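The structure under discussion appears below in the form of structure tokens.
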Amino acid sequence: MSRFILFSVAVALLSLPIAATADDKQSMVYGLGMSSCGSLVQAFRQDSPNAVLNYQGRQFPTIAHTYQQWLGGFVSSYNLYTSQTGKLGHGTDIHGLMEWVHAYCKKNTTSTVTQAAVEMVHSLERKQ
């Protein structure tokens, strides 16, 4: 019985959403941030982040749009809780930020979307 419990705990711990950021800090990450950059690139090949799907008179976001919304939340959270000025990304919009991440992901398909977002944040911080 104790082996079963140990096995169950090990499986549960291994399935936690944890990502290493650029500074090797282990952070809890949820949602599409755990996806590979390759998945983001694939989503952008299929649809625009500004497109919606229409089905039976209702509109649904595309996966590309959902990645864009995740990035918007990531940057907003950074501005609220970490940024010294609260203005990371000032002078551009979510489309410009998403293009930066998309370009990074095209070059680094095995990275996670979170790693791409962290690299974007570091790049923007250096410009401030």
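The values are calculated or read from the model by the stated rules, or taken from the named source; none is laboratory data. Just so it is clear, the structure is predicted and the values come from calculations on it, not from any experiment. Note that we place each Cβ from the backbone using ideal geometry, even for glycine, and neighbour counts take in every protein chain shown.
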Item checked: Which numbered condition ALA19 misses (of (1) modelled with pLDDT under 90; (2) out of contact with any Gly (no Cβ under 8 Å at 6 or more places or on another chain)) -> (2)
Check: Somewhere in the range 37-59, is a residue at pLDDT 85 or above, under 29 Å from LYS127 (Cα atoms) and exposed (fewer than 10 other Cβ atoms within 10 Å of the Cβ)?
Finding: no
Notebook entry, point to check: Identify, please: which residue in the range 67-108 is in contact (Cβ under 8 Å) with a residue 40 or more places away in the chain and among the aromatic types (Phe, Trp, Tyr) and is, among those, surrounded by the most Cβ atoms within 10 Å (Cβ to Cβ)?
Noted result: TYR67
